[in-house]
Amino acid sequence: MWSSLFSYSCTANSLSQGQLVRDGETLVSRSGNFELGFFRTENSSLRYVGIWYRKISFKTYVWVANRDSPVSDESGVLTISSDGNLMVLDGDHRLVWSSGINSTSVPTNSTAVLTDAGNLVLLAKADADTASADGHVSNAYWQSFEHPTDTFLPGMRVRVNSAAGENHAFRSWRSLNDPSPGNYSMGVDPQLPPQIVIWGQSGREWRSGHWNGLLFTGMPNMTENIRYGFRLSAPEEDGSMYFTYTPLNRSDLLMFRILWNGMGEELGWDETNNESTVLQKQPAKECDLYNKCGDFAICNDMGSPKCSCMEGFIPKSPDQWKRGNWSMGCTWKTRLQCGNNSSISVGNGGRMDHFLKLVGVKLPDFADYFSATSGDECEVKCLENCSCKAYAFVRSIGCMMWNKNLIDVQHFAEGGMTLQIRLANSEPGTKSKISNLRMIVTAFVGAFVSGITVFLLWRFKDNLKGEISVCGVNDLLSEEQYLDLSRPDGLASDAKQVGGPRIPVFDFSSIEAATNVFSEENKLGLGGFGPVYKGKLLGGQEIAVKRLSRKSSQGVEEFKNEVMVIARLQHRNLVRLLGFCIQGEDKMLVYEYMPNRSLDYFIFDPAKRAQLNWKKRLEIIEGIARGILYLHRDSRLRIIHRDLKVSNILLDEEMNPKISDFGMARIFGGNENEASTNRVVGTYGYMSPEYAMEGLFSFKSDVYSFGVLLLEIISGEKNIGFRTPEHSNLISHVSLASLE
C-alpha cells in the first residue's frame with residue numbers, strides 16, 4: 001500500500017493529504033534549520049517520529065510525536081487521515097499516534113508544514129504558504145508548539161494562568177535513550193510574580209526566582225545574558241499570559257530543555273567551531289537544589305558549612321544540624337510580638353517587631369503579591385498582618401510578602417535581591433518604679449519622639465534603599481531605569497536593525513557611597529575621559545567608576561558611544577560594563593574592577609616588568625588577539641576599536657587581558673570595510689599612517705595598533721619614547737633591524 005502513495009524528497013517542508021513520509025524520508029524547514037522524520041535512539045530498534053536541529057552533527061531532538069507508543073520496526077509512516085488529522089501508522093496500518101483534533105474542527109484538505117521555528121503545524125491548504133517562521137501560528141488547527149515534549153524553543157508560548165494552576169509544560173525523557181515521559185517536568189508556577197520551576201517525583205527540584213519584567217531574579221547571570229529576549233505577554237480575556245523568548249541573534253539556535261536526570265539545560269550554537277555548546281545547566285551548584293537548608297535558613301555555596309540559620313533563628317534540631325542534616329531548618333529564637341505592633345503596650349515595654357535586611361539573596365518561594373509604590377508601604381502592610389514573616393519591595397514588581405515559612409533562600413556572590421525579615425524585638429522591657437501617671441506620660445512622649453524618629457529614618461532609608469544595597473544590579477532592573485539601545489537615535493544607522501540590550505542605571509548616591517564621595521584615596525588614575533575611581537557596593541562587589549570630566553577632551557558622544565558599543569559585546573577579553581549613571585552634568589560608566597590595573601603599569605616599569613615572564617606575555621598577546629578577532633569577525637556587530645594601546649589593556653586578578661575604552665569605537669555594516677573622518681581621534685604612536693594623515697580607517701587600523709602593542713610588550717619600550725641616533729621611534733628601529 002505504501003509504495004503506491006507519494007514519496008517525499010528531503011527538500012520538502014509540507015505534507016498534504018494523500019501523501020506520506022516513510023521511515024528514512026524527512027521534511028526539512030525552508031531555512032534548513034529543522035528536520036522531521038523517523039529516528040531511533042542508541043541501542044534500540046524502536047522508531048519515533050520527531051523533529052531535530054538539522055545543522056547540528058549530533059542529533060538534538062526537540063519534539064517527539066509518539067513518545068508513548070513507538071513503532072517496532074522501519075515500516076511506519078506519517079500521513080494525514082481522511083478527517084484531516086496527522087497520524088503515525090505502523091506496517092499493519094494500525095494507528096500509533098494522532099493529533100487528535102475533533103474532525104468537525106479540521107478541514108478535509110488540511111496540510112502539515114514544518115516551519116523555520118521548528119513548529120509542525122496543521123492548517124488549511126490555502127494557508128500553508130502563510131505559516132509564520134517566528135513561532136506560534138494563530139490560524140493553525142493543531143501545532144506541536146502547543147504540545148511540547150522536553151524542549152522550550154524560541155517563539156514557543158508557555159501559558160501562565162493562576163486559575164489553571166501549575167503548568168508542567170515540558171516532560172523529560174525517561175532515560176538518555178528512551179523518549180517516553182520521564183520523572184521530571186519543567187514549566188511555570190503561575191502565582192504572581194511567576195517563575196520557572198523544575199519538578200521531580202517528590203515535588204520542586206529547582207526554581208528560577210520571580211519574574212520582574214526583564215529577568216528571573218533568582219538567576220543573577222541573566223544580567224549578562226539579556227540576549228535571551230524573554231517576554232511575558234499582556235493578559236488575555238481568560239486571564240492567561242504567555243512566556244516567550246526570542247534570542248537577539250536568531251542564529252544562536254538557543255533552546256532550553258529538561259533532561260532525563262532532572263537538569264535544566266540551555267543549549268546554544270557556537271558559530272566559530274560550528275557545533276552546539278551547553279551554555280548553562282540548572283541546578284548548577286548544591287545551593288541551587290530546592291530548599292537545600294530547610295525553613296528560615298540560607299544556603300551559601302561559598303560558605304562552610306553551606307547552610308546557616310538566618311539571624312534571629314536557631315536550628316530546630318541542633319544535633320541533626322551539627323551532623324550536616326539541615327532538612328529540618330531553623331526556627332525563631334524569640335516568637336513575634338504581633339500584638340504590640342498596632343498600639344503601645346506599656347506593660348510589655350512597647351516593644352514592636354522589627355526587620356532585618358538580607359542583601360544579595362534569592363527571595364523565598366510562595367510569595368503573596370500586591371501593588372505598592374514604596375518600601376514603607378510594604379513594611380506597614382507586613383506589620384499589620386500577624387502572619388507576615390518577611391517582605392521585599394522590588395521596583396518593577398511591587399510588594400512581595402511571605403505568610404508562610406521562608407524556604408529556598410540562597411545567598412549569591414553577585415546580584416540577588418533584598419529581603420526584609422521580621423523579628424521580635426529581643427530586648428526585654430524594663431519595669432518603671434515611678435507613678436502610673438508618669439509612666440503613661442513618659443511612654444506617650446517616648447512613643448511620640450520614637451514615631452517621629454522612625455518616620456524620618458524610614459524616609460531616609462527609602463531614599464537610599466535599592467541601588468546601594470545591591471551587590472549586583474538586579475534591584476535596579478525596572479523598565480524605566482534602562483536605556484533602550486534599540487531606539488532609532490541610539491546607534492549609527494548601520495546598527496539600528498540589531499536588537500539592543502538594556503543597561504542597568506546606577507543611582508548617583510550609590511556611586512557616591514561606593515567611592516567614598518569620589519575621594520582621592522579611591523582615585524585610580526586620570527585618562528582622556530576623566531578620573532577613574534575604585535568603589536565597593538554595599539553587597540561587596542568592587543567596581544571601577546569612570547567619571548566624565550567637564551574639561552575632558554572626550555565628551556557626551558564618546559560616553560554614549562562607549563555605553564552603546566560595549567553593552568552589546570560579551571567576551572572574556574573585553575572589559576565588562578556593569579552600568580552607567582547620569583546626574584545632571586555628571587556622567588559615569590561603571591565597570592568591573594581590574595585589580596592589576598592596566599598593562600602599561602607593568603610593561604614600562606623595569607621592576608614590575610619582571611613579573612611578566614615570556615609565557616605570561618605570550619598569554620597576554622594571545623588574549624588581546626582573541627579580543628580583536630571577536631570585535632572584527634565573531635561578534636554580532638563588526639567593530640573597529642580605533643584606540644588600542646597598552647593603557648587600554650586592563651589585567652584581572654589572574655593577569656588576563658581585557659580590552660577597554662570603547663569611546664572611539666565605530667560599528668561597521670556587513671559590507672563596509674573602510675571609512676573616513678575629518679576628526680582623527682586616538683593616540684599618536686598607535687595610529688596607522690593612513691588614519692593619522694588622511695583620516696582613513698579600517699579593520700587594518702586596529703591590526704596596526706596591535707602590531708605596536710606587540711612590539712611594546714616584547715621590548716618593554718614605548719613606541720614614541722624610544723629614540724636612537726638613527727631612529728625616532730620603536731617601529732622604525734625594529735623595521736631596520738629586521739632588514740639587517
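Bear in mind these aren't lab numbers, they're just calculated from the coordinates by the rules spelled out. Note that this is a predicted model, so its numbers are computed, not measured. Every residue, glycine among them, receives a Cβ derived from its backbone with ideal geometry; neighbour counts consider all protein chains shown.
The modelled label-to-label distance for the pair Arg94/Arg174, using points 7 Å beyond Cα in the direction of Cβ, is 1.7 nm.
Between the amide H of Phe230 and those of Thr246, distances stay under 5 Å, these residues lying 5 or more places away or on another chain, with hydrogens modeled in the peptide plane. Across the cross-link table entries Lys546/Lys658; Lys285/Lys534; Lys285/Lys546; Lys306/Lys534, which are compared at the Cα atoms, the separations over 25 Å belong to Lys285/Lys534; Lys285/Lys546; Lys306/Lys534.
Taken one residue at a time, the phi angles of the stretch 16-25 give Karplus couplings (6.51, -1.76, 1.60, θ = phi - 60°) of 10, 4, x, 10, 8, 10, 7, 4, x, 10 Hz. Gly and Pro are set to x. Scanning residues 5 or more positions from Lys587 or on other chains, those with amide H under 5 Å from its amide H are Leu548, with H placed 1.01 Å from N in the peptide plane.
Which of the pairs Lys615/Lys700; Lys362/Lys404; Lys333/Lys389 have their Cα atoms more than 20 Å apart in this structure? Flagged as over cut-off: Lys615/Lys700.
For the stretch 18-55 versus the stretch 166-205, the inter-centroid distance based on Cα atoms is 25 Å. If R0 equals 22 Å, the separation of the Cβ atoms of Arg572 and Ala607 corresponds to a calculated FRET efficiency of about 0.15. Modelled label positions at Glu74 and Arg231, each set 7 Å beyond Cα in the direction of Cβ, lie 4.5 nm from each other. Each residue of the stretch 163-180 was assigned a 3J(HN,Hα) from its phi angle through the Karplus expression (A = 6.51, B = -1.76, C = 1.60, θ = phi - 60°), giving 5, 7, x, 4, 10, 7, 5, 10, 10, 5, 5, 6, 8, 4, 10, 10, x, 4 Hz with x at Gly and Pro. Provide the per-residue ³J(HN,Hα) series for the stretch 54-65, in order, calculated from phi with Karplus coefficients 6.51, -1.76, 1.60 and θ = phi - 60°, each as a whole number of Hz, with x at glycine and proline positions. Taking θ as phi minus 60°, the curve returns 6, 8, 8, 4, 8, 3, 10, 7, 10, 7, 10, 7 Hz for the stretch 54-65.
Between Lys285 and Lys59, residue separation times 0.36 nm minus the direct Cα-Cα distance comes to 78.6 nm. The amide H of Gly415, built 1.01 Å from its N in the peptide plane, has Cys471, Gly472, Val473 as neighbours under 5 Å, considering only residues 5 or more places off or on other chains.
Taking each residue as 0.36 nm, the span from Arg636 to Arg40 lengthens on full extension beyond its C-alpha to C-alpha distance by 210.9 nm. If R0 equals 35 Å, the separation of the Cβ atoms of Thr108 and Glu146 corresponds to a calculated FRET efficiency of about 0.95.
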